[in-house]
Amino acid sequence: MVTVADDIPEKLRPAASAALKWVNEERGAAFKLTGVVDADAALAAPADDAVEFGLVLCEDEVCLREQVRVERQDGRFQVSAVEAPSSLIPPLLDPPRGVRRDWLDGQLSTREFAVLLVYRGLW
């Protein structure tokens, strides 16, 4: 079962921040980290072991999930992408509630109304 943690656990924050920085540099993007997926397995691993987990990333109205492998080498984090079956990770995700609300509030502050189209669970 896939679990998403809206609040990134303290122990996982340095690795998740390093992974976010790596993804943004690789893509030339400015994603924000809005959650982690499968944090339990990463938290249970010994401190020196490489861990794999998913990142829930949002930039403007686009949210996605990236699967990463993070390991500590010489006091720094080495991050790499992990291939995952496409059926496991949808290419786009519906933004978490707080992100959606902020986006919608921003749109309504500049327009009289907004139309949301939901298609297969994505907005």
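Mind checking which residues of the stretch 42-61 are under 13 Å from the mean Cα position of the chain (by Cα) and of a type in the set (A, V, I, L, M)?
Answer for the stretch 42-61, where residues must be under 13 Å from the mean Cα position of the chain (by Cα) and of a type in the set (A, V, I, L, M): LEU55, VAL56, LEU57.
From ALA30, ALA39, ALA5, grab the single residue that is open to solvent by less than 70 Å² (accessible area, probe 1.4 Å), at pLDDT 90 or above, under 26 Å from ASP102 (Cβ atoms) and under 14 Å from the mean Cα position of the chain (by Cα).
Checking each option against the conditions leaves just ALA30.
May I ask you to list the residues in the stretch 62-72 that are of a type in the set (A, V, I, L, M, F, W, C) and either within 8 Å of the chain's Cα centre (by Cα) or at pLDDT below 90 (or both)?
Residues satisfying the conditions are VAL62, CYS63, LEU64.
Return the residues of the stretch 42-67 that are in contact (Cβ under 8 Å) with a residue 12 or more places away in the chain, open to solvent by 70 Å² or more (accessible area, probe 1.4 Å) and not in a loop (DSSP other than H, G, I, E, B); say none if nothing qualifies.
Within the stretch 42-67, just GLU52 meets the criteria.
Could you look through the stretch 8-27, keep only residues that are loosely packed, with under 15 Cβ neighbours inside 10 Å and out of contact with any helix residue (DSSP H, G or I) (no Cβ under 7 Å at 6 or more places or on another chain), and pick out the one that is farthest from VAL79 (Cα to Cα)?
GLU10
The values are calculated or read from the model by the stated rules, or taken from the named source; none is laboratory data. The shown structure was predicted, so the numbers you read here are calculated from the model rather than taken from an experiment. Neighbour counts run over all protein chains shown; Cβ positions are idealised from the backbone, glycine included. Please note that ligands, DNA and RNA were not included when accessible areas were found on the heavy atoms of the full protein model with its side chains. Shrake-Rupley method; radii C 1.70, N 1.55, O 1.52, S 1.80 Å.
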